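K.L.:
Questions regarding the structure given below will be posed in turn.
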Amino acid sequence: MYWTKKHVMVCTAVHCNQKGAMDVAGRLRLAVLRKGVDADILVNNCGTIDLCDCGPNIVVYPDNVIYNGVTVKDIPEIMTHLEGGPVVERLVLSATSEDEVRRKGYYAEALSREGGLPPDEADALAATHGFDDQWIAEQLRRGFMARKPHPDSGEDRIQVTKKAKDRYSP
Ligand code: FES
């Protein structure tokens, strides 16, 4: 066993994979090999990191950098970073990134609705933040929201879970 200088985790779970993550992982691994830096930079595939709507995502350790929306075209710049150059700021996902701000906005409004949102209102609210009903479905699958009956009416409601509160509360 040895310790690399950088460890790169490429999410190749379903949603990232649908957007080309396997190509990104394969090409990145190839670039590392071609440059002869595979002893210093280890590239692994990994399962979801719960940012499925903005993938393909990769995480770089020990830098603690998350790149989102990565394509094979971004690999030369990412390689520069991995070899000691600057972080590729335009790909960085941070608390102030547009995607994160939109998610935070959705959850802040959804949380203000006691008892949760009827599904059609959840879809409408998502739309105002630039998300579609597929995004709602994905957030439900990832455990950021849950479908539960309203305590009084028993009607279907989309509720924000503790996982989302912990992640998106100010
Ligand atoms: S599939 Fe990649 S973050 Fe979920």
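K.L.:
Quickly estimate the mean residue ellipticity at 222 nm for the chain, helices only: each DSSP H run with n ≥ 4 gives -39500 (n - 2.57), and the total goes over all residues, rounded to 500.
P.N.:
Numbers: 7 runs with 67 residues, N = 170.
It lands at -11500 deg cm²/dmol.
K.L.:
On to the next question. Report, for the chain, the % of DSSP beta bridges that are antiparallel, rounded to 5. Before the final figure, lay out the partial values.
P.N.:
Values: 14 of 20 bridges.
Percentage antiparallel, nearest 5: 70.
K.L.:
So the label point goes 7 Å from the Cα of D99 along Cα→C-beta, right? Which residues of segment 21-40 then have their backbone N under 20 Å from it?
P.N.:
Residues passing the 20 Å test: 21-29.
K.L.:
Taking the chain as a Gaussian network, Cα atoms linked when under 10 Å apart, which of K104, K19, K73 shows the biggest mean-square fluctuation?
P.N.:
Fluctuation is largest for K73.
K.L.:
Next up: Filter the GluC sites (Glu not before Pro) in segment 103-170 to those in DSSP coil with at most 16 other Cβ atoms within 10 Å of their Cβ, and list the result.
P.N.:
Numbers: sites: E109, E114, E121, E138, E155; in loops: E114, E155.
Answer in residue order: E114, E155.
K.L.:
Strictly greater than 17 Å: what percent of every Cα pair in segment 83-139 meets that? Mind showing how you got there, number by number?
P.N.:
Numbers: 738 of 1596 pairs.
Of the Cα pairs, 46 percent sit more than 17 Å apart.
K.L.:
Could you work out how far apart the two model spin labels at E89 and K73 are, taking each label as a point 7 Å from the Cα in the direction of the beta carbon, and quote it in nm?
P.N.:
In this crude spin-label approximation the distance works out to 2.1 nm.
K.L.:
With the alpha-carbon atoms as the only input, what is the per residue convex hull volume for the chain in Å³? Write down the numbers at each step before the final one.
P.N.:
On the way: hull volume 20.5 nm³, N = 170.
Roughly 121 Å³ of hull volume per residue.
K.L.:
So which GluC sites (Glu not before Pro) in segment 50-105 pass both tests, a DSSP loop state and at most 13 other Cβ atoms within 10 Å of the Cβ? Before the final figure, lay out each step's value.
P.N.:
On the way: sites: E77, E83, E89, E98, E100; in loops: E83.
Passing both the DSSP loop test and the Cβ count: no residue.
K.L.:
Right, another one. Which cysteines does the chain leave without a neighbouring Cys Cβ under 4.7 Å?
P.N.:
C46, C52, C54
K.L.:
Within 10 Å, at most 11 other Cβ atoms, and a DSSP state outside H, G, I, E, B define an exposed site. Report the longest part of the chain free of exposed chymotrypsin sites (Phe, Trp or Tyr not before Pro).
P.N.:
On the way: sites that count: Y2, W3.
My reading of the result: 4-170 is the longest stretch.
K.L.:
For segment 98-168, just the Cα atoms, rotate onto the principal axes and tell me the three extents in Å, largest first.
P.N.:
Computed over the Cα atoms, the extents are 37, 23, 22 Å.
K.L.:
If the elastic network links every pair of Cα atoms under 10 Å, which of L91, L30, L82 fluctuates the most in the Gaussian network model of the chain?
P.N.:
Comparing L91, L30, L82 in a Gaussian network model of the chain, the most mobile one is L30.
K.L.:
Please work out the ratio of the alpha-carbon Rg of segment 50-131 to 2.2 N^0.38 Å and round it to two decimals.
P.N.:
Scaled against compact globular proteins, the figure is 1.38.
K.L.:
Measuring from the lowest to the highest alpha carbon on each principal axis, how far does segment 1-84 reach, largest first, in angstroms?
P.N.:
Result, largest extent first: 31, 23, 20 Å.
Rule-based calculations on the coordinates, nothing more; no lab input. Values in this document were obtained by computation on a predicted structure and should not be read as measured data. Positions of Cβ are generated from backbone atoms using ideal geometry, with glycine treated the same way; all protein chains shown enter the neighbour counts.
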